[in-house]
Amino acid sequence: KGTISAAYTYTMNLNTSFTGDDNLYTRIKTGNHSGYSVLKGEQNTYLSAGKGSSDALKVDKIWYTTALGENNKIWVGPLIENYYMHGTTPSIYKPVLKAFTLGGNAAAYGASTSPGAGWAYTADNGFAVSSNFTTKSGNTGSGMLTEEGDTSWATQIGYTQPNYSVSAILNKKFNGWSDSSYFTSDDGAARPGDGESTNIGLRAWWRPAETGSATPSISVGYDTSETDASANATTTAYFVGLNWQDIFSPDDRIGVAFGQPQKHEDDTVDPSLYEVYYEYQINDSVSITPTVFGGTYKDSNGLETDMRGYVVNTTFKF
């Protein structure tokens, strides 16, 4: 069954500095996306531009960050996710589907907007190390970093130069943390013992010295995830993303991404996901991005099912 629908997302990014070396960031966001455009797991159709808040304007993110000397930085806030506090950018691919953010948004980089804090050290030679946590119930009486709170603790190391970067992350999840990631074949449902997991992500990217050529930037990722169950508890995922910029006109972008969503080791269906888009910059403030995406997944009967979708994102920036 095919349908055509229209939805919107409205975002305000507010930045306030008190010393010049710090920042209080607040994101206010609303939208009326529903159904497949904000669906996690299985079909992986959640759009990066999607937001389903029933038109309610609310604070979506808020945290404070400050520099400590020339090479250290800390974050603390009541609404933050782990990946905002890393020292190395894991991917430079610009996605349309949320699943393709961060070099594959599965358990290793998957997070939840919660109270948290973090630290990063970035050396002058490009080496970086960071460590941070978020606790889902950290705004309640359960508190942060307690046995009653679901906690994700992520530590990343990386090395970045102007044209390339490599990084690795270890994300330990404790105390009943149930993963509901954007890049998985079953929304975590088939992972026995989900709630205590060890998640490892490897990332790398490279870009040419100049845009406008037939050579794209390349971002890749590979994840493994293992829960505390005694058997059948391991999943894997991989991602490849290509971007060509300034090909037909200044500031345009072609994107192609594909990969295997987080797959349970005994799964009889090989899930897949892809997207192809062209982003055209109409002017300095308006862009339009027609996209085709699709893949395969396991339906409720355990059978392999194909999925395909089309979306046109129109972005206005002020």
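FYI, it's all coordinate maths here, none of it is from the lab. For clarity, every value in this text was computed on a predicted model and none was experimentally measured. Cβ sites come from the backbone with ideal geometry, for glycine too, and all protein chains shown count toward neighbours.
Setting aside same-chain residues fewer than 8 positions from K173, which lysines have a Cα under 17 Å from its Cα?
Correct list for K173: K136.
Across region 1-109, how many lysine pairs separated by 8 or more positions, or lying on different chains, have Cα atoms within less than 23 Å?
Going through region 1-109 pair by pair, I get 19.
Taking the Cα centre of region 62-152 as origin, sum charge times position over the Cβ atoms of Lys and Arg (+1) and Asp and Glu (-1), and report the length of that vector in debye to the nearest 20. Mind dumping the intermediate values first?
On the way: 4 positive and 6 negative charges, 63 e Å.
For region 62-152, the charge dipole is close to 300 debye.
Test of understanding: what is the full-extension gain from S178 to E196, defined as 0.36 nm times their sequence separation minus their Cα-Cα distance?
Values: separation 18, 0.36 × 18 = 6.48 nm, distance 0.82 nm.
Result for the pair: 5.7 nm of gain on full extension.
Stretched out fully, how many nm does the piece from E304 to I4 gain, at 0.36 nm a residue minus the Cα gap?
On the way: separation 300, 0.36 × 300 = 108.00 nm, distance 2.46 nm.
Result: 105.5 nm gained on full extension.
Can you tell me how much longer the chain between F316 and V256 gets when fully stretched, taken as 0.36 nm per residue apart minus their C-alpha distance, in nm with one decimal? Spell out each step's value before the answer.
Details: separation 60, 0.36 × 60 = 21.60 nm, distance 2.29 nm.
Full extension of this stretch gives 19.3 nm more.
Which FRET efficiency, nearest 0.05, do V76 and D21 yield, Cβ-Cβ r, R0 25 Å?
0.95
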